[in-house]
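Notes follow once the structure below has been shown.
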Amino acid sequence: LVGDLVRVAILRGAAGAAGRVAWGSVEDALRTRADLFTELDDLAGRAGDAAFSSLQDLRAQIMRTIPGGVLAAPPALLVTIENAAPALAVAYRFLDDALQADVIAAANRVANPLFVPGGTALRIINRG
């Protein structure tokens, strides 16, 4: 019971924070919303009538807040580079902006931005 109360409190905080997030991509926002819904579904399966109603209100709050962030989120481009290249070249090739190399490397957890191995799948977000 105490564990469920803690989870509800965490979900309420996450739902409130979701409206203030500048989502990195639409996919990030939708994945987060799905994760929150999974937690809510788990809790709702054990909840009584009063708690279930409260959880449904929380679900509605998440639906209202996350789409607001989604509308402002840039779409992600999914690419697989054929040959090894530095992140700088990848950023220039796909975004015409070599200054985005560090962002691409960090977002894709590239160990060495000077060498992105051929065959690597990358998620590239154009932050304009």
**Q.** Dipole-positive endmost among Leu95, Pro75, Gln61 within the chain (Cβ charges, Cα centre)
**A.** Gln61
Q. Using unit Cβ charges (K, R positive; D, E negative) and no other charged atoms, how large, in debye to the nearest 20, is the dipole of the chain about its Cα centre?
A. 160
**Q.** Long-range amide H partners of Leu77 with built H, under 5 Å
**A.** Ile124, Ile125, Asn126
Q. Where is the GNM fluctuation largest for the chain (alpha-carbon springs, 10 angstrom cutoff): Ala106, Ala85, Ala50?
A. Ala50
Q. Carbon and sulfur together cover what percent of the accessible area of the chain at a 1.4 Å probe radius?
A. 59
Q | Spherically averaged projected area of the chain from its Cα convex hull (nm²) | A | 9.2
(Q) Just to confirm, what accessible area per residue do you get for the chain at 1.4 Å probe, in whole Å²? (A) 61
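The values are calculated or read from the model by the stated rules, or taken from the named source; none is laboratory data. In this text the structure is predicted, and so the values were computed from the model without any measurement. Here Cβ is always computed from backbone atoms with ideal geometry, including for glycine, and neighbour counts include all displayed protein chains. The accessibility values were calculated without ligands, DNA or RNA, using every heavy atom of the protein model including side chains. Shrake-Rupley method; radii C 1.70, N 1.55, O 1.52, S 1.80 Å.
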